[in-house]
Amino acid sequence: MNTSEVSTSRPTKRVLVLNYSQTGQLTEITKRIIAPLQQDAGIAVHVETLRPAKPFPFPWGFFSFLDAFPESAHMAPPPLQPLSLTGGEDFDLVILPYQVWFLAPSQPVMAFLKHPLAKKLLAGKPVVTVIACRNMWMLAQEKMKAMLRDCGARLLDNVALVDPSPTMASLWSTPFWLLSGKKDFLKFLPPAGVDAASIEAARRFGLALRDALHRDEERGSAPLLAGLKAADSNPHLLFSEKAATRSFFVWGKLLRAVGGPGQWRRYPFLVLYVMFLITLISTVVPVSLLIQSLTRPLLRRRFAALKQQFDLPSGSGTERMHLYEH
Ligand SMILES: Cc1cc2nc3c(=O)[nH]c(=O)nc-3n(C[C@H](O)[C@H](O)[C@H](O)COP(=O)(O)O)c2cc1C
């Protein structure tokens, strides 16, 4: 991604944008969002690309993919290459895009948030998180919120873009995409990833952020992206997310006790785990979705309350969409 400082006249607002993406999906979304900011002479955008000291592979190998879950679940990422930032910079707004890895923020983004510079850069700063993942992001965002709190940052907004295909389809198409590098590896399923129309339409968030910056709204505590369908959570996935998070944590502890990332001693346990995981995916997820669809009328209020909670802070309302749909 182009690291650019807009400098036609003296910019009055400075925006920090973090960038990491393996397939380019999250970078594409980020580009759409920041384009209106980069085109504005009053706004200077600094894009900081995160580079793990030892790059994660893409496409992933079968074992390297699985081997990433213990450190994801235990929030123990490997270090990044040195950042171009010093910590002395003073940003008005931080845009923090991230992908979800094993129901947690991806390890490179986690490594940034645990970097000593993050506290200096983020303390007191308004942050907009932007998630692009398969469709399970609710508990990852809870972890993200805790890390932002540790840095003293103020979370103003959350945008969440997901694969629109049914859960039972993307549960298969996503790993095949990540292992093959091809979105349509499984021809009988819809292609993996966030759809092109949603990526294109992410521009509305940049337009709204640009207007909010001109009105100094980032200094307040109200969301800047309300009414733009920023985060439309699906609380019916929460049960599966909780079950999988628990299993990643427990098995992750065992695997971390057996060896470090990449060590062959982990492999037999990873094979055992993948068998357990496939059983979980083909039993717990559909059964929990089925039970929930049967009990939906009884639990409508409970799910409505959960949805409202996980849609926060930006919400899933659409009342301002007409202003920015061009
Ligand atoms: C190791 C790994 C684990 C992942 N786990 C999840 C997950 O738990 N939930 C989810 O919705 N997506 C998950 N994904 C999909 C990513 O969030 C993301 O959509 C995909 O990797 C493309 O991201 P990119 O922008 O880095 O290319 C996972 C991807 C990887 C590589």
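The values are calculated or read from the model by the stated rules, or taken from the named source; none is laboratory data. The model shown is predicted, which means the values in this text are computed figures rather than measured ones. Glycine also receives a Cβ, built like all others from the backbone with ideal geometry; neighbour counts cover every protein chain displayed.
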How many of the residues making up the stretch 43-70 are under 21 Å from residue 245 (Cα atoms), within 10 Å of the ligand (Cβ to nearest atom) and either touching a Lys or Arg at 6+ places or on another chain (Cβ under 8 Å) or part of a loop (DSSP other than H, G, I, E, B) (or both)? 2
Go through (1) closer than 28 Å to residue 153 by Cα; (2) assigned to a helix (DSSP H, G or I); (3) in contact (Cβ under 8 Å) with a residue 12 or more places away in the chain for residue 256 and report which single condition fails. (1)
With the requirement that a residue be closer than 17 Å to residue 67 by Cα and either in contact with a Ser or Thr (Cβ under 7 Å, 6 or more places away or on another chain) or more than 14 Å from the ligand (Cβ to nearest atom) (or both), what does the stretch 263-297 give you? 263, 264, 265, 266, 267, 268, 269, 271, 272, 275, 276, 278
Take residue 13 and tell me if it is among the charged types (D, E, K, R), more than 10 Å from the ligand (Cβ to nearest atom), crowded, with 18+ Cβ neighbours inside 10 Å and under 18 Å from the mean Cα position of the chain (by Cα). no
Working carefully through the options 51, 134, find the one that is free of Cβ contacts under 8 Å to residues at least 60 places away in the same chain and crowded, with 21+ Cβ neighbours inside 10 Å. 134
Please verify whether the stretch 302-322 includes one or more residues that are closer than 30 Å to residue 36 by Cβ, of a type in the set (A, V, I, L, M), touching a residue at least 60 places away in the same chain (Cβ under 8 Å) and touching a Leu at 6+ places or on another chain (Cβ under 8 Å). yes
How about the stretch 142-174: which of its residues are within 12 Å of residue 127 (Cα to Cα), assigned to a loop (DSSP other than H, G, I, E, B) and not hydrophobic (A, V, I, L, M, F, W, C)? 152
For residue 299, work out the one condition from (1) part of a helix (DSSP H, G or I); (2) under 30 Å from residue 209 (Cβ atoms) it doesn't fulfil. (2)
Condition first: more than 10 Å from the ligand (Cβ to nearest atom), touching an Asp or Glu at 6+ places or on another chain (Cβ under 7 Å), modelled with pLDDT of 95 or more and among the small types (Gly, Ala, Ser). Can you find one or more residues in the stretch 96-113 that meet it? no
Scope the stretch 73-95; condition within 20 Å of residue 209 (Cβ to Cβ) and within 16 Å of the ligand (Cβ to nearest atom); matching residues: 95
For the stretch 123-131, indicate whether the set of residues that are surrounded by fewer than 20 Cβ atoms within 10 Å (Cβ to Cβ), among the polar types (S, T, N, Q) and away from the ligand (no atom under 12 Å from the Cβ) is non-empty. no
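Got at least one residue in the stretch 81-98 being more than 19 Å from the chain's Cα centre (by Cα) and in a strand (DSSP E or B)? Write out each step before concluding.
Going residue by residue through the stretch 81-98, those that are more than 19 Å from the chain's Cα centre (by Cα) are 81-92.
Going one step further and asking which of them are in a strand (DSSP E or B), we end up with none.
No: the stretch 81-98 contains no residue that is more than 19 Å from the chain's Cα centre (by Cα) and in a strand (DSSP E or B).
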Regarding the stretch 212-234, can at least one residue be identified that is of a type outside the set (A, V, I, L, M), modelled with pLDDT of 95 or more and in contact with a Phe, Trp or Tyr (Cβ under 8 Å, 6 or more places away or on another chain)? yes
Could you go through the stretch 178-190 and let me know if any residue there is out of contact with any Cys (no Cβ under 8 Å at 6 or more places or on another chain), in a helix (DSSP H, G or I) and not hydroxyl-bearing (Ser, Thr, Tyr). yes
